[in-house]
Amino acid sequence: MRSEAAMLHHHDFLSRTVSTDREITLEALRVFTYLSRRLHFDRPIPVLQSELADALGMQRPNVNRAIKLLETKQILLRESKLGRAITFRLNPGLEGGRA
């Protein structure tokens with residue numbers, strides 16, 4: 001498991017990467033910002049898109065589109081399905097600009 005300092009550095013790098021990528025939409029940025037406080041690099045966490053949509057005041061299709069973009073950019077890694085939730089984790093492989 002990574003040290004807390006290393007994880008904070010990695011999170012800062014990932015946040016900077018997302019916020020400076022011109023292809024990341026405002027909706028995707030909102031979803032990332034919200035999820036980045038819940039998700040981990042080393043273990044998947046279940047995410048219900050309906051709860052995410054409610055929390056952010058967004059429509060579910062827009063949340064879905066934002067998540068797909070974050071997955072395409074390999075910022076979020078889809079792990080598995082757990083009931084109605086999909087488990088995601090942050091991509092630890094993006095550190096230093098490597099995917």
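Every number in this text was worked out from the coordinates using simple rules, so none of it is lab data. These numbers come from a predicted model, not from an experiment. Every residue, glycine as well, gets a Cβ built from its backbone with ideal geometry; the counts of neighbours run over all protein chains shown.
Please grab the % of Cα pairs in region 16-71 that end up more than 13 Å from each other.
Of all Cα-Cα distances in region 16-71, 58 percent exceed 13 Å.
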* Peptides 30-38, 16-24, 81-89: what's the order by average Cβ count within 10 Å, highest mean first? -> 30-38, 81-89, 16-24
* Tally Lys and Arg at +1 and Asp and Glu at -1 over the other residues with C-beta under 12 Å from the C-beta of residue 51: what net charge comes out? -> +2
* To do: Count charges around residue 69 for me, please; just the other residues with Cβ under 14 Å from its Cβ, Lys/Arg as +1, Asp/Glu as -1.
  => +2
